[in-house]
Amino acid sequence: MVVHALARLSALVSSNPLYALITLLALTSFETAVAQNRSTDSPENGQIAIRLSGQVVDTSTGNPVPRAETVCKGEDDTSTPPVTTLTDGEGRFECKGLRPGRYRISARRDGYLRSEYGSKGQGRPGLPITLTPDRKDERITIRLIRLAAVNGRVFGEDGDPIKDVTIQALRDRFQRGRKVLLPTAYARSNDRGEFRISDLEPGRYVVVADRMNYLRPRPAHGDTSETGYVTTYFPNGSEPSQAQVLLLEPGADLPGVDFSLKKTRVFSVRGRIARPAGSEPLRGNLVLAMPNTLMRASTPIREDGTFELHGLPPGSFPLIAMMQTDGGQSTASSIVEVSDRNIDDFVLTPTVSVTIVGKVRSSASGEPLPQASVALIAAGEGVGRPGSVSTVVKGDGAFTLTGVNPQRYRLEVGGLSGSRFYLKEARLAGVNVLDQDFDVTSSVTVDLLLSADTGSVSGEVIEAG
């Protein structure tokens with residue numbers, strides 16, 4: 001009966017061109033579907049298909065994490081796009097049709113810290129997994145760490161809520177070999193004084209509130225009675241050393257980080273950029289770094305070279321003016337000391353920026369240089385000091401730093417982490433300035449020497465007691 005049906009179909013096809021066309025389209029669609037199915041389940045060129053499956057779980061609870069994005073990315077064949085999937089309701093995922101080779105598997109989801117398979121701790125890289133033809137069905141587990149949050153309110157001395165206060169979460173970081181507090185996230189208080197800083201990595205934090213008085217409307221000229229809110233470190237400190245350190249565990253949603261801001265007298269600074277009479281109009285901004293905070297303020301410089309800052313509490317403030325004219329770029333920097341009155345004629349004297357040209361060399365002949373960057377960091381304590389510049393090193397090792405303000409700097413080279421290289425020498429005009437501050441007064445050359453002659457350190461961490 002089947003033979004009879006096939007014979008009849010063959011007769012119809014041969015006698016009617018329309019039937020022939022329909023049959024051809026049906027066969028083509030069938031072959032396309034088979035090819036697509038084969039492409040998702042097996043690699044090209046007849047290589048063995050490998051399937052990698054696993055589960056994404058919460059580190060703290062061990063519960064599965066649904067709707068997490070997982071990425072299987074090959075290390076050996078970078079031309080092949082990564083395989084991306086979403087976990088199901090049980091946190092399970094599958095990456096099909098993988099070729100043999102080394103892969104890194106990562107997972108992420110809102111509310112969690114991104115993590116890689118094999119990671120030994122928070123923020124640490126994972127380990128690659130090698131897929132071979134004799135291991136066609138690998139199963140792994142990726143553990144995600146839940147992010148944390150802090151919540152609170154901001155009040156004035158009268159108990160009323162304060163709107164538009166900037167609250168920052170700060171963490172200790174090492175910068176140029178020193179431990180400093182750096183901002184990681186911020187929020188602003190609403191009309192009820194409420195704020196929430198979310199998506200914080202578990203760890204130790206300091207929280208600071210600042211009304212940013214220097215952005216308030218300026219007072220009348222000569223008026224010294226203006227008041228502003230004092231920058232406050234939780235719970236009620238005026239310095240970072242007086243702050244309470246908050247320990248946030250994975251998934252913590254900490255309430256009660258409340259501030260009561262006190263008022264203080266604040267003052268204005270009015271000044272000008274020193275320049276010859278009849279000079280062309282200026283275009284630029286004046287940047288101010290707030291003391292004991294990690295915040296900056298910026299105000300435009302008028303075409304006639306005058307500027308105003310207001311709402312400043314007593315203290316020392318680094319200032320830098322960055323200006324652009326038809327003749328090029330220039331800068332002016334100084335420290336303004338605010339005590340108990342307004343300053344009405346503060347003068348900044350411009351200096352012409354200089355250019356530093358350099359070359360990165362390697363002691364390992366024939367070995368390609370890593371993708372590095374070079375930075376001049378303005379010398380001084382803390383962050384927020386204006387004037388730092390950076391650039392990327394070209395493939396031949398050459399680099400150029402433009403717009404360098406004549407002042408004191410420290411040199412840093414980035415991009416060496418994970419490579420075999422370290423910075424062995426940094427010679428400025430022939431003098432080795434590695435790990436020390438130096439003055440830049442004119443355009444100079446810098447020669448950097450990278451060495452691959454590194455050692456290794458091994459050890460064991462044991463629990464005390």
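Okay, residues lined up against (1) among the small types (G, A, S); (2) free of Cβ contacts under 8 Å to residues at least 60 places away in the same chain; (3) assigned to a strand (DSSP E or B):
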| residue | (1), (2), (3) |
| --- | --- |
| S241 | yes, yes, no |
| Q244 | no, yes, no |
| L247 | no, yes, yes |
| P250 | no, no, no |
| V257 | no, no, no |
| V269 | no, no, yes |
| R272 | no, no, yes |
| P281 | no, yes, no |
| L288 | no, no, yes |
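The residues on offer are D164, D158, and the sole one that is free of Cβ contacts under 8 Å to residues at least 40 places away in the same chain and under 30 Å from P255 (Cβ atoms) is D158. Would you be able to say whether some residue in region 446-460 is at pLDDT 85 or above and not in a strand (DSSP E or B)? No, there is no match, as no residue in region 446-460 is at pLDDT 85 or above and not in a strand (DSSP E or B). Note on region 413-437: residues that are under 22 Å from S333 (Cβ atoms) and surrounded by fewer than 17 Cβ atoms within 10 Å (Cβ to Cβ) total 2. Elements of the type strands (runs of 3 or more DSSP E) sitting completely within region 85-134 and holding at least 2 residues that are of a type in the set (G, A, S): these cover 101-108. Cβ separations smaller than 6 Å between residues 6+ apart or across chains give the following pairs from region 79-99 residues that are in the same structural domain as I140 (by TED's automatic domain parsing) to residues that are of a type in the set (A, V, I, L, M) and not in a strand (DSSP E or B): T87/A68; G91/V65; G97/A49. The residues on offer are A107, A11, A49, and the sole one that is over 33 Å from the mean Cα position of the chain (by Cα), under 17 Å from I129 (Cβ atoms), surrounded by 11 or more Cβ atoms within 10 Å (Cβ to Cβ) and at pLDDT 50 or above is A49.
All of (1) surrounded by fewer than 19 Cβ atoms within 10 Å (Cβ to Cβ); (2) modelled with pLDDT of 95 or more; (3) assigned to a strand (DSSP E or B); (4) in contact with a Gly (Cβ under 7 Å, 6 or more places away or on another chain) hold for N151 with one exception: (4). Which number in (1) free of Cβ contacts under 8 Å to residues at least 12 places away in the same chain; (2) loosely packed, with under 12 Cβ neighbours inside 10 Å marks the one condition that G118 misses? G118 satisfies all of (1) free of Cβ contacts under 8 Å to residues at least 12 places away in the same chain; (2) loosely packed, with under 12 Cβ neighbours inside 10 Å except (2). When Y409 is tested against (1) surrounded by fewer than 16 Cβ atoms within 10 Å (Cβ to Cβ); (2) touching a residue at least 12 places away in the same chain (Cβ under 8 Å); (3) under 24 Å from the mean Cα position of the chain (by Cα), exactly one condition is not met: (1). The residue that is surrounded by the most Cβ atoms within 10 Å (Cβ to Cβ), among those in region 56-96 that are among the hydroxyl-bearing types (S, T, Y), more than 20 Å from K120 (Cα to Cα) and in contact with a strand residue (DSSP E or B) (Cβ under 8 Å, 6 or more places away or on another chain), is T87.
The values are calculated or read from the model by the stated rules, or taken from the named source; none is laboratory data. Worth saying up front: this structure is predicted, and the values here are computed from it rather than measured. FYI the Cβ positions are ideal-geometry reconstructions off the backbone, even for glycines, and counts take in every protein chain you see.
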